[in-house]
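Every number in this text was worked out from the coordinates using simple rules, so none of it is lab data. Every value quoted in this text rests on a predicted model; they were computed, and no experiment measured them. Backbone-built Cβ (ideal geometry, glycine too); neighbour counts: all protein chains shown.
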């Protein structure tokens, strides 16, 4: 593996140099990694699902002038592990945080949920970029770097204007920022530790895209002797999406309480419906939040142009996972196209159809930056050769993991296995009632939607809660073979995974081949997953 990394790194650097980017601090490219939250295919004008449905001129520009990675996939389609994959280049089952490892020890298998956190001492993309001389910055949604010891608000409905509560919000925010700095970021600000509903107070459970963007613009505008890497993580279009809690909320409300003055780095919010109507689009929370998000992209691009840095910047635009089947390993959850832009475009052209994984981002960005990572055992592979127009190596095998499910894709074949530990398979009704009651009580406290009150409901692939959790609720049980232990699909003939071929005699050899491929990968990872 190490020799392959050296070859890829050297090749990538050589190709980049041919493209007139010399690997030194004066000309190495800046990198902006923009990660949106819960975007759907219909939100991308560059995809068939969304063509012409969104007023997103800045994202459209990135797609038009850059390269759309049409076969990009994520490994674990929920917030936390996807961010872990991006920032470490590793499968989330390799997480080192104590609570995750304790679960693995107790259950005998890794259970990748919202629990795979980056901790101090982990090798990270930002840390490697920093070590190579890059200025590193992060703003927006965290949901991945561990920050223990946050103060809890006893009353979720208490006032955020209380001096005590505002001080506590600020102290929690600063504590999270410090933890993120220890992971390798120099500049950290305007951070949502989690989704707005989980900040501790209902009053501040609103989106503030402008506030996050203000932090990104501030970082870009700082005097940089060296190139920079900005990780820009939005909280939208993830819910809450209602206008009074998102694009039309009070712009002074933030994760640290109320500001004295609202940010002014994006077009005024009251122009959003006007611009949508003028362009012939319906005005609703979906279109408004997407224009609001696009305004953030535009503000970053404008600042890069204003400071003369755009021509030497590579811009990644990515959503954290597929949304058509969130919380599952079906294609609707793991297939997640993204965009890469640089001035003049890439030799690959407007589209690249190489099979790619989310864990490929870290080595690719390091290749673009000319950073040697030959000693780092990434699970991903650089796709800079693909961007430069080279044919991908044949038979790339993609691996996926989430909760109690594991899967691989090889060519047009997909295999998925669902395995619950024995004690979960045999959970008593009394225990089911207890687990569900505890889960629902916390959601009631936070005024959140209840998935089910039925303790007999089956588990989801993601969580061992009767009926599953809210994140995956729209996908739980929505596929014909959802509850089958073994699933095999021919994606060429059945792209929507409606016909499970695992029990078909004529596909027995293919099933065994795919099971063997999956087993070989699982053997290199922590825990045990019986196949």
Is the shape of the range 328-455 best called rounded, prolate or oblate, per the rule: a/c under 1.5 gives rounded, else a/b larger than b/c gives prolate, else oblate, with a ≥ b ≥ c the square roots of the Cα gyration tensor eigenvalues? prolate
As a test, work out the antiparallel percent of DSSP beta bridges whose residues both lie in the chain, rounded to the nearest 5. 45
Please arrange 479, 415, 258 by how many other C-beta atoms lie within 10 Å of their C-beta, fewest to most. 258, 479, 415
Length gained, residue 395-residue 508, 0.36 nm per residue minus C-alpha separation, equals 38.7 nm
Ranked from fewest to most other Cβ atoms within 10 Å of their own Cβ, 375, 183, 162 fall in the order 375, 162, 183
Where q = 0.26, 0.28 Å⁻¹, what log10 of I(q)/I(0) comes from the Debye formula for the range 109-183, counting one point per Cα? -1.23, -1.32
At 0.36 nm per residue, minus the direct Cα-Cα distance, what do residue 218 and residue 425 gain on full extension? Give it in nm, one decimal, please. 69.4 nm
For the range 404-522, using Cα atoms only, the Rg and Dmax in Å read 16.8, 52
Counted neighbours (other Cβ, 10 Å), sorted fewest up, put 294, 367, 486 in the order 486, 294, 367
What would the Debye equation give as log₁₀ I(q)/I(0) for the range 128-257 at q = 0.21 Å⁻¹, counting only Cα atoms as equal point scatterers? -1.22
How big is the shadow of the Cα convex hull of the chain, averaged over all directions, in nm²? 23.7
Relative contact order as a percentage, the range 41-88, C-alpha pairs under 8 Å and 6+ apart, gives 19
Restricting to Cα pairs below 8 Å that are 6+ residues apart, what does the relative contact order work out to for the chain? Please round to a whole percent. 23
Label-point separation, residue 277 to residue 226 (7 Å along Cα→Cβ), nm: 5.1
For residue 312 and residue 163, FRET efficiency with R0 = 56 Å and r from the beta-carbon atoms, rounded to 0.05? 0.80
Could you tell me whether the range 264-417 comes out rounded, prolate or oblate from its Cα gyration tensor? Rule is a ≥ b ≥ c as square roots of the eigenvalues, rounded for a/c under 1.5, then prolate if a/b exceeds b/c, otherwise oblate. oblate
Over the range 404-522, calculate the relative contact order: mean separation of alpha carbon pairs under 8 Å at least 6 apart, over the residue count, as a percent. 27
A student applying the Cα gyration tensor rule (rounded when a/c is under 1.5; otherwise prolate if a/b is larger than b/c, oblate if not) would label the range 19-121 oblate
Ellipticity estimate at 222 nm from DSSP helix runs (n ≥ 4, -39,500 (n - 2.57)) divided over the chain, nearest 500: -9500 deg cm²/dmol
